[in-house]
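First up is the structure itself, then whatever we jot down about it.
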Amino acid sequence: MDLIRLLSFGPDGWGDELAAGTWLTIRLAVATLPFGLLLGLLVALAKRSHIRALRVVGNAYTTVFRGLPELLTIFIVYFGGQILLQRIVEFVSPGSSVEVSGFVSGMIALGVVFSAYSSEVFLGAFRGISRGQWEASRSLGLRPLATMRLVILPQLVRLALPGLANLWLILLKDTSLVSVIAIDDLLRVTGIAVRVTKQPFFFFGVACLLYLVMSMISSIGITAIERRLGRGHGRTA
Amino acid sequence: MNFEVLQEYGPRMLAGLVVTLELVAISIVCGALLAVPIALGRMSRNKLVSRIAFAYVYAVRGTPLLAQTFLVYYGAGQFRPELQAVGLWWLFKDAFFCCVLTFTLNTAAYQAEIYRGAILAVPRGQSEAAMSLGLTPRAIFRMVVAPQAMLLALRPLGNEIILMIKGSSVAAIVTVFDLMGVTRLAYSRTFDFQVYLWAAVLYLVMVEIIRRVWDHLEHRLTRHIRHA
């Protein structure tokens, strides 16, 4: 079959290019995750804060980045970041210029979107932890930071996991949007293959399949993690 | 504010906004029509039917909308002779139609899951009571289960519309001049970053309006089951 040969690894096939694109997509999603989680947790804490200003900022952040199309957020971060960095660089050393990496812009944009959604998940998880946990920690003499790290966070992870797992699957798909700025992820590499081979249906079909496989593997991993975190809670995932 | 750019591209962006609204409205409505049989197929006792419906939903939800759009828009080009033979090429060469088709197929899968969840969430006692009153299965679904399921589906359906408004921006990448498309055009000609911020405001306003309308709808439609 000619089509199968198009997928072979080596100079005539696109197998190695597609594999490289898939690898970049995975790296982008994995690199975004910790950034998005941390930012989401901070935003959730801001929304629970006793300080009114922090709450307002946290809520506005969520409203804006959940309401904007992900594609628009990516453009705003990519072009806006470019302009901002350029101004800073020109201020520091006039005459020099700077190029924003597509990978980093994509990571920031996707991370910001992820954090807006995950902050809501964390907020819900915080509500699932009873007051008694905080009070008990306090009566044991734990400082607030230690309470958070040793008592609250471990429970928070378990409660937030189903929501975060969903967001991970969405993130995996949203990485495809970064292909519109300069980054050779799976979808962009596929586009190049299509332009050369004139086989759009076949190659975009393969790309869809690869995304599907990534989702399936993620689902299996998520189930395993849920089962592990659910140990000792009488209910397995 | 750069008023020159606003004067030049403001009206065009509003025209793009209308295109976005058309895309979303057509896709959501057609998607809903398609979602009902898919949801019923998912719940069918016939193993084959339920598996096919499940596979469809799983495949659509597991792949990015942008990749699906490319598959339909560029993929159709590969079948040009065949499409011309059946007289459908004029439809598939139009990017707007391809986007409507892709978005419809996409939202149908998500909406099918919403309707299925809502139907399953109607308490069993409702259909049992209807059965004991001697209603036929068809009447039970139409008069007892469906109206209650629609109420339960209302909130997730509102979310799906919001997701579709945001997702429809990928149409800009396949040359449709929706709000995002016009914005990209304006930026490529003026290099004025403001246009992206205007687009952001317009998208936020759209999403906020849907949210308000939905809150109002839900409040009104559930007034008979609210505890005063």
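Largest first, the three principal axis extents of the alpha carbons in segment A:47-121 are 45, 27, 15 Å in whole numbers. A straight chain from B:Val201 to B:Arg80 at 0.36 nm per residue would run longer than the Cα-Cα distance by 39.6 nm. Computed on the Cα atoms alone, the convex hull of segment A:2-229 gives a volume of 166 cubic angstrom per residue. Seen against the Cα atoms of chain B and their longest principal axis, helix B:179-190 is set at about 10 degrees. Between segment B:116-135 and segment B:151-228, the C-alpha centres lie 34 angstrom from each other. Spin-label pair A:Phe9-B:Gln194: with each label point 7 Å from Cα along the Cα-Cβ axis, the two points sit 5.4 nm from one another.
Ignoring ligands, DNA and RNA, what percent of the 1.4 Å accessible area of segment A:2-229 is carbon and sulfur? Exposed carbon and sulfur together represent 68 percent of the surface.
The mean number of Cβ atoms from other chains found within 10 Å of a Cβ in peptide A:153-161 is 0, as a whole number. Positive contributions from Lys and Arg (+1) and negative ones from Asp and Glu (-1), summed over other residues with Cβ under 14 Å from the Cβ of A:Gly124, come out at +3. Here's how it looks for A:Leu7: its modeled amide H is under 5 Å from those of A:Trp14, which are all 5 or more places away or on a different chain. Can you give me the Rg/Rh ratio for chain B, using Cα atoms for both radii and the Kirkwood formula for Rh? A ratio of 1.06. Averaging over all projection directions, the Cα-based convex hull of segment A:30-85 occupies 4.7 nm² in the image plane. The residues of segment A:87-208 have, on average, 50 Å² of accessible surface per residue, using a 1.4 Å probe with all protein chains present. Between B:Val36 and A:Ser130, the C-beta separation translates, for a Förster distance of 30 Å, into a calculated FRET efficiency of about 0.10. Using alpha-carbon positions, what is the distance between the centroids of segment A:146-204 and segment B:30-102, in Å? One Cα centre to the other: 23 Å. Set the Förster radius R0 to 51 Å, insert the Cβ-Cβ distance between B:Leu48 and A:Val57 as r into 1/(1 + (r/R0)^6), and round the FRET efficiency to 0.05. Efficiency, rounded to the nearest 0.05: 0.45. The share of Cα pairs per 10 Å bin across the protein assembly as shown, counted from zero up to the longest distance, runs 4, 16, 27, 27, 17, 8, 2, 0, 0 percent.
Name the residue from B:Tyr74, B:Gly125, B:Ala95 whose Cα lies farthest towards the positive end of the charge dipole of segment B:22-176, charges +1 on Cβ of Lys and Arg and -1 on Cβ of Asp and Glu. So the residue furthest toward the plus end is B:Gly125.
Taking Cα atoms, how many degrees apart are the long axis of helix B:146-167 and the longest axis of chain B, rounded to 10 and kept between 0 and 90? Its long axis makes an angle of about 20 degrees. Distance from the C-alpha centroid of segment A:108-144 to that of segment A:17-87: 19 Å, rounded to the whole angstrom. Angle of helix B:194-221 to the longest C-alpha principal axis of chain B, folded into 0 to 90 degrees and rounded to 10: 20°.
Here the dipole of segment A:2-229 is about 1220 debye; that uses its Cα centre as origin and unit charges on the Cβ of Lys and Arg (positive) and Asp and Glu (negative). For A:Thr197 and A:Leu38, the FRET efficiency from 1/(1 + (r/R0)^6), where r spans their Cβ atoms and R0 equals 51 Å, is about 0.75. Taking Cα centre as origin and charging only the Cβ of basic (Lys, Arg, +1) and acidic (Asp, Glu, -1) residues, the dipole magnitude of the protein assembly as shown rounds to 2080 debye. In this simple spin-label model, placing a label point 7 Å from the Cα along the Cα-to-Cβ direction at both A:Leu142 and A:Glu226 gives a separation of 2.7 nm.
With contacts taken as Cα pairs under 8 Å and at least 6 residues apart, chain B reaches a relative contact order of 28 percent.
Each Lys or Arg adds one and each Asp or Glu takes one away; over the other residues whose Cβ falls under 15 Å from the Cβ of A:Phe204, this sums to +2. Building the convex hull from the alpha-carbon atoms of segment B:1-104 and averaging its projection over directions returns 9.6 nm².
The values are calculated or read from the model by the stated rules, or taken from the named source; none is laboratory data. These numbers were taken from a predicted model, which means no experiment stands behind them. Heads up, the Cβs are rebuilt from the backbone with ideal geometry, glycines too, and the neighbour counts pull from every protein chain shown. These accessible areas exclude ligands, DNA and RNA; they are computed on the full protein's heavy atoms, side chains included. Shrake-Rupley method; radii C 1.70, N 1.55, O 1.52, S 1.80 Å.
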